[in-house]
1. So what J values fall out for the stretch 186-201 if you push phi through Karplus, 6.51 cos²θ - 1.76 cosθ + 1.60 with θ = phi - 60°, rounded to Hz, Gly and Pro as x?
2. Which label marks the calculated value of Rg/Rh (Cα atoms, Kirkwood Rh), given the options [x] 1.04; [y] 0.99; [z] 0.93?
3. I need the shape label for the stretch 121-161. Rule: rounded when a/c is under 1.5, else prolate if a/b > b/c, else oblate, with a, b, c from the alpha carbon gyration tensor.
4. When you count, for each residue, the other Cβ atoms within 10 Å and take the mean per peptide, how do 315-322, 50-57 rank with the highest first?
5. Could you work out how far apart the two model spin labels at Ser320 and Glu350 are, taking each label as a point 7 Å from the Cα in the direction of the beta carbon, and quote it in nm?
6. Mind checking which of His378, Asn236, Val188 is farthest towards the positive end of the chain's charge dipole, using Cβ charges of +1 (Lys, Arg) and -1 (Asp, Glu) about the Cα centre?
7. Rounded to the nearest 5, what is the percent of antiparallel bridges among the DSSP beta bridges in the chain?
8. Go through the stretch 163-173 residue by residue and turn each phi into a ³J(HN,Hα) via Karplus (6.51, -1.76, 1.60, θ = phi - 60°); whole Hz please, and just put x for glycine and proline.
Amino acid sequence: MQMKFLLSEILMLTILYGMGGRAEMPQKFDEIVPGNNYFCFNLYKNLTESETGNIFYSPFSITMAMAMVYEGARGWVQGEMQGVFKFPLDNKIRQESFLSLYQHLNRKNAKYKLNIANALWIQKDYTILPAYLKIIQRYYDGYARNVDFVGATEQSRQIINKWVEEKTNQKIKDLFPPGSIDQQSRLVVTNAIYFKGRWIKQFDKSLTSEEDFWVTETKSIKVQMMKRIDPETKFNYAETDEFQILEMAYEGGDLSMIIILPRKNDIRTIEKELTIEKFQEWKNLLTEARVEVYLPKFTFRTRYTLTPNLSQLGMPNAFSPHCDFSGIDGTKNLYIRSVVHQAYVDVNEEGTEAAAATGVVVGITSVGPRIPVFRADHPFIFVIQEKTTGNILFIGRVVEPEA
């Protein structure tokens, strides 16, 4: 009986780009950005079925890592992955689109820090098809390095974790805990993204004070509440009977955070409605207005094992020893054993710092004259998105701010 190898870990980091840019994105991006955003809200809805606390992850990080694995998928597992992530079927269109988006997001000399890096970690003496390596290197700028999962498992794990830490400015540590990489690992695919941006309109630290944040209608906690209440302050803003929505831009104008605040402490009602179509519809309501903003400082980390979530979303066979990733090594000996994701976010008076990492393990058989008040003193949803492309990099839910 043939043994299956573990495709090992895919690590990623990502951040979301600003909302409300052009009505239409450049054609070179429109083949993959809608798929990423579609996956973003599908996974969010799936997570909210079981998660009751804070949520934060990078859909683009997961998408890009899985895209690199998808390049080696064949047969029905390829079809399943395409259904979940909506990858373009045409190889040239898909690969050139990812390259264009990677180059667009990774551009230098911006007023914010946004660094993206990809790498392949390959078991020494294990044969990976040259054609697969060429695709990852050419279209994903993937750096390839040999390690020894068989003879030096712990050292290999530490090497990869160190790379992750360096690419995320030390924000994602121990992505792969002891035991997560073993002697059956043959390939670890990593994508790392780190973001740090300053608000165009920063909060005055002297105005930050301790206030109540209502986790539920009857339970409150003390938080450090930031305030932007000066007469000159204007933001992109809209409101309905159900919620308020606010856009806060980062320096450079390319990135922004969108916050959806329910009218009442009833975030579940909004989450049930939340789809990519609704998100776009709500975003289109935004217009510049003077708003008094109250937003809590928050910092938290999240860690997910996404294997069951991705199975539920439509790709269960990718985790079966009977799947086909022969486009990676020329055999049918690889399958995805697990997918893990870790993320970090820090929101304060100056701006936002965020990072995320995803690991896929594959192994032997991974309105009027009044001034609106936007008081985020109860659970809310936030998104970070890019203006030109509309690509969503991060999405989260704040239930209990942690400063």
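No lab work stands behind these numbers, since they all come straight from the coordinates. The shown structure was predicted, so the numbers you read here are calculated from the model rather than taken from an experiment. As a convention, Cβ positions derive from the backbone with ideal geometry for all residues, glycine included, and neighbour counts pool all protein chains shown.
1. 10, 8, 10, 9, 10, 10, 10, 9, 10, 10, 8, x, 9, 4, 5, 10
2. Structure-derived value, by its label: [y].
3. Working: a/c = 4.77, a/b = 1.74, b/c = 2.75.
In terms of gyration-tensor shape, oblate.
4. Details: 315-322: 18.5, 50-57: 16.1.
The most tightly packed comes first, giving 315-322, 50-57.
5. Inter-label distance under the simple model: 5.1 nm.
6. Result: Val188.
7. Expressed as a percentage, antiparallel bridges in the chain total about 85.
8. For the stretch 163-173, the Karplus-derived couplings read 4, 4, 4, 5, 6, 10, 6, 6, 8, 10, 10 Hz, x marking Gly and Pro.
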